[in-house]
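Participant: Pasting a structure below so you can have a look.
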Amino acid sequence: MELHTYSSLNKEFIAEYKNCMDGADVKVVFFNPHTIELKRLEKITNEEVKNLFGHDDLVVLNKRDEIENFLHQQTFTNSVLLLMSSGTFDGMNLPNMIQFVLNQTA
């Protein structure tokens, strides 16, 4: 899940996401701290995001290469991959990532 909008990058609003990924085996949140700076919002740490989501096993990533590397390390056989964003995952090439996932499951 990418936090990108003004509301989703707000600590008070992030608390609304608490336990929303309870059914997921692997939980990942991505946000770019530069977006927070551009929008002149209060800084948020990875640990704060983890605590607000209510999952100690939440993976919090901040750079496009981090999320790409993370996804390349996953196995997608018999899996569902859900990418939720109102942004672009910091410009990630989604068609290439989709092809990577499809090639793994073929």
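The values are calculated or read from the model by the stated rules, or taken from the named source; none is laboratory data. Please read these numbers as outputs of a predicted model, since none were measured by experiment. Cβ placement follows ideal geometry from the backbone for every residue including glycine, while neighbour counts extend to all protein chains displayed.
Participant: Determine whether the range 18-26 contains at least one residue that is in contact with a helix residue (DSSP H, G or I) (Cβ under 8 Å, 6 or more places away or on another chain) and among the β-branched types (Val, Ile, Thr).
Facilitator: No - not one qualifying residue is present in the range 18-26.
Participant: Can you go through GLU2, GLU68 and tell me which one is surrounded by 14 or more Cβ atoms within 10 Å (Cβ to Cβ), touching a residue at least 12 places away in the same chain (Cβ under 8 Å), touching a Ser or Thr at 6+ places or on another chain (Cβ under 6 Å) and on the phi < 0 side of the Ramachandran plot?
Facilitator: Within the list GLU2, GLU68, the selection yields GLU2.
Participant: Determine if the range 33-51 includes at least one residue that is under 22 Å from GLN104 (Cβ atoms) and not small (Gly, Ala, Ser).
Facilitator: no
Participant: Search the range 71-102 for residues being of a type in the set (A, V, I, L, M) and part of a loop (DSSP other than H, G, I, E, B), and hand back the single one that is surrounded by the most Cβ atoms within 10 Å (Cβ to Cβ).
Facilitator: In this case the residue turns out to be MET92.
Participant: With respect to the numbered conditions (1) more than 18 Å from ASP90 (Cβ to Cβ); (2) in contact (Cβ under 8 Å) with a residue 12 or more places away in the chain; (3) in a loop (DSSP other than H, G, I, E, B), which one is the sole condition not fulfilled by LEU52?
Facilitator: (3)
Participant: Among the residues of the range 55-64, is there at least one that is at pLDDT 90 or above, more than 11 Å from HIS4 (Cα to Cα), out of contact with any Ser or Thr (no Cβ under 7 Å at 6 or more places or on another chain) and of a type in the set (Val, Ile, Thr)?
Facilitator: Yes: one or more hits.
Participant: Okay, next question. Find the residue count for the range 21-40, including only residues that are part of a loop (DSSP other than H, G, I, E, B) and exposed (fewer than 14 other Cβ atoms within 10 Å of the Cβ).
Facilitator: 6
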